[in-house]
Amino acid sequence: MEGIKILLVDDEEDFRTTLASRLKKRKLDVTDAGSGNEAIELVKQGSFDVAVIDVKMPGTDGVETLARIKEISPFIEVIMLTGHASVESGIEAMKLGAYDYIMKPCDIDELLIKVGDAYQRKIFQEKHAATIKRKQKT
Amino acid sequence: MNKKENRHSYYARLRLRLMAAIFFVAFVPLIVLGGTIYYHYSTNIVLLIFVLSTLVIIVSTILITRRVIGNLEEIGRERAEIADHLVQCYKLAAIGKLASSIAHEINNPLAVIAEKAGWMEDLLSEGDIKNDPNYSELFKATQDIKKHVDRGKKITHRLLGFVRRKEIEYKEIDVNLILGETVYFLERETRFRNINIISEYQAHLPKIFSDEAQLQQVFINILNNAIDAIDKNGTIYISTTSQNRGVLVSITDTGPGIPKEVSERIFDPFYTTKPVGKGTGLGLSTSYDIVKRLGGRMTVESQVGKGTTFHIMLPRSQPGGRGQKTEDRGQRSEVRR
Ligand SMILES: Nc1ncnc2c1ncn2[C@@H]1O[C@H](COP(=O)(O)OP(=O)(O)OP(=O)(O)O)[C@@H](O)[C@H]1O
Ligand SMILES: [Mg+2]
């Protein structure tokens with residue numbers, strides 16, 4: 001778990017900063033963003049393993065942010081935070097390539113488990129892609 | 001209830017009028033005809049025929065009216081049932097909209113509160129504070145906050161799910177199997193309360209096309225209600241029967257039953273007779289909604305002091321009509337929309 005690079009995106013500041021502190025306390029490397037656009041900029045600059053994104057945000061909403069982030073950096077795994085009547089958006093997001101979704105208020109242990117799993121998949125996908133590339137070269 | 005009695009006396013009056021009318025229409029020509037004949041040939045045989053035909057007219061009048069009014073009454077009852085059903089649907093839709101926006105507004109602050117309490121708990125686990133005399137109180141307070149956030153969360157999530165439940169996933173399912181699983185979930189609870197569950201599942205029950213997870217939700221809600229109603233020491237009977245158009249599931253409990261004033265409202269969202277914090281009053285309204293979406297019907301029958309039965313009628317194929325064909329051919333075990 002330690003050192004997984006997480007991008008936490010939510011417009012509700014109290015929620016975002018507190019959850020970020022809690023994740024940092026559990027030795028995860030957390031960066032937080034208050035809007036979809038801010039998150040997209042951050043992804044352009046740095047590399048992240050897992051993004052945790054709120055579905056319902058003003059401006060660029062969670063589902064759109066997910067799509068843009070995936071375009072920029074296809075290997076980032078995304079977990080959607082839902083709470084609004086968005087069980088459906090949660091599923092919609094998964095169709096668009098999100099790894100999973102979690103309902104707010106969320107249980108930190110559940111979130112950690114999902115983050116861990118998402119990270120595993122990211123590592124696997126990257127390796128897989130590297131192998132394919134190598135095969136294509138030879 | 002009152003409505004029903006009114007309806008009944010209405011049909012009784014209608015019946016009398018119809019009977020009078022038919023009788024009159026048939027009897028007047030008879031008298032005229034009979035009178036004329038008797039006037040010419042006044043014999044006993046003519047009198048006898050006259051009396052006999054009067055009897056025949058009376059009997060057939062009674063038979064015809066009974067038949068006609070019976071049919072009318074049935075049509076009326078069906079219409080009233082459909083109207084009740086529609087009202088229920090409108091109510092659910094209107095309340096659903098309102099509920100989802102409220103639930104959303106409450107859910108966000110709830111999420112913040114939960115995080116803050118979690119953060120306090122995290123901080124409390126650090127070295128020094130543990131020796132503080134107030135530590136255990138503080139720790140307990142964070143746990144209590146979490147517990148109550150969970151309580152609120154249960155309600156908001158139910159409400160959110162109530163409006164936009166996830167898509168229905170149709171596949172071929174065995175209702176007996178789902179019931180078995182559900183009972184298994186609840187077994188510890190029932191054993192603890194000394195509640196006996198008697199399952200009378202029809203063997204070789206035809207499979208139906210429906211949504212397994214959502215049906216399970218319905219059965220859990222109804223069984224939980226039955227358990228709450230019985231409280232301790234009692235029996236729950238679960239039966240399945242194959243019917244023409246699908247499968248009928250009946251769940252009967254030996255609880256206190258439901259008085260009329262209550263039974264009229266049990267499918268309303270938020271209607272509960274349970275203490276605050278125990279019931280949300282959403283169990284049955286959600287279940288009603290699910291069964292309706294699956295193309296089925298849910299009804300209740302109860303006798304105060306004896307117990308309550310919930311009937312859930314589930315169609316064999318999904319509302320769009322698919323499924324039946326696939327089943328007939330016996331191919332493809334899964335159909336998804
Ligand atoms: N089997 C039953 N026997 C007697 N009363 C019942 C039974 N099932 C339901 N009721 C009555 O119907 C009311 C509404 O039931 P419903 O399941 O919708 O809500 P609830 O059980 O009170 O709350 P929740 O299901 O959210 O915990 C109950 O409060 C109870 O009064
Ligand atoms: Mg209930």
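The values are calculated or read from the model by the stated rules, or taken from the named source; none is laboratory data. These numbers were taken from a predicted model, which means no experiment stands behind them. For neighbour counting, all protein chains shown are included, and Cβ atoms are generated from backbone atoms with ideal geometry for every residue, glycine included. These area figures cover heavy atoms from the full protein model, side chains too; ligands, DNA and RNA do not enter into them. Shrake-Rupley method; radii C 1.70, N 1.55, O 1.52, S 1.80 Å.
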- Query: Restricting attention to the range B:42-49, does a residue exist that is of a type in the set (Val, Ile, Thr), in a loop (DSSP other than H, G, I, E, B) and free of Cβ contacts under 8 Å to residues at least 60 places away in the same chain?
  - Reply: yes
Residues of the range B:109-164 being at the interface with another protein chain (Cβ under 7 Å from one of its Cβ atoms), at pLDDT 85 or above and open to solvent by less than 40 Å² (accessible area, probe 1.4 Å), in sequence order, are B:110, B:111, B:112, B:114, B:115, B:118, B:122, B:149
Among residues of the range A:1-27 being open to solvent by 10 Å² or more (accessible area, probe 1.4 Å) and under 14 Å from the mean Cα position of the chain (by Cα), the residue nearest to the other protein chains (Cβ to nearest Cβ) is A:16
Condition set at pLDDT 85 or above and of a type in the set (Val, Ile, Thr), scope the range B:264-285, selection surrounded by the most Cβ atoms within 10 Å (Cβ to Cβ): answer is B:266
**Message:** Here is a check on your reading of the model: is residue B:68 at pLDDT 85 or above, surrounded by 10 or more Cβ atoms within 10 Å (Cβ to Cβ) and part of a helix (DSSP H, G or I)?
**Reply:** yes
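Conditions (1) buried (at least 19 other Cβ atoms within 10 Å of the Cβ); (2) in contact with a helix residue (DSSP H, G or I) (Cβ under 6 Å, 6 or more places away or on another chain); (3) touching a residue at least 12 places away in the same chain (Cβ under 8 Å); (4) not aromatic (Phe, Trp, Tyr), marked per residue:
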| site | (1), (2), (3), (4) |
| --- | --- |
| A:34 | no, no, yes, yes |
| A:56 | yes, no, yes, yes |
| A:99 | yes, yes, yes, no |
| A:105 | yes, yes, yes, yes |
Answer yes or no as to whether residue B:220 is surrounded by 15 or more Cβ atoms within 10 Å (Cβ to Cβ), assigned to a loop (DSSP other than H, G, I, E, B) and either away from ligand 2 (no atom under 16 Å from the Cβ) or in contact (Cβ under 8 Å) with a residue 12 or more places away in the chain (or both). no
Of the residues in the range B:264-289, those that are outside any loop (DSSP other than H, G, I, E, B), more than 14 Å from chain A (Cβ to nearest Cβ) and either of a type in the set (D, E, K, R) or more than 7 Å from ligand 1 (Cβ to nearest atom) (or both) come to B:287, B:288, B:289
Determine if the range B:302-319 includes at least one residue that is open to solvent by 60 Å² or more (accessible area, probe 1.4 Å) and in a strand (DSSP E or B).
yes
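For every residue, the table says whether it meets (1) touching a residue at least 40 places away in the same chain (Cβ under 8 Å); (2) surrounded by fewer than 21 Cβ atoms within 10 Å (Cβ to Cβ); (3) under 18 Å from the mean Cα position of the chain (by Cα).
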{"site": "B:186", "(1), (2), (3)": "yes, yes, no"}
{"site": "B:191", "(1), (2), (3)": "no, yes, no"}
{"site": "B:201", "(1), (2), (3)": "no, yes, no"}
{"site": "B:206", "(1), (2), (3)": "yes, yes, no"}
{"site": "B:211", "(1), (2), (3)": "yes, no, yes"}
{"site": "B:224", "(1), (2), (3)": "yes, yes, yes"}
{"site": "B:230", "(1), (2), (3)": "no, no, no"}
{"site": "B:233", "(1), (2), (3)": "yes, yes, no"}
{"site": "B:241", "(1), (2), (3)": "no, yes, yes"}
- request: Tell me, yes or no, whether the range B:246-263 has at least one residue that is open to solvent by less than 70 Å² (accessible area, probe 1.4 Å), small (Gly, Ala, Ser), out of contact with any Lys or Arg (no Cβ under 8 Å at 6 or more places or on another chain) and not in a helix (DSSP H, G or I).
  value: yes
Here the residues within the range B:227-285 that are of a type in the set (Phe, Trp, Tyr) and within 13 Å of ligand 2 (Cβ to nearest atom) are B:267, B:270, B:271
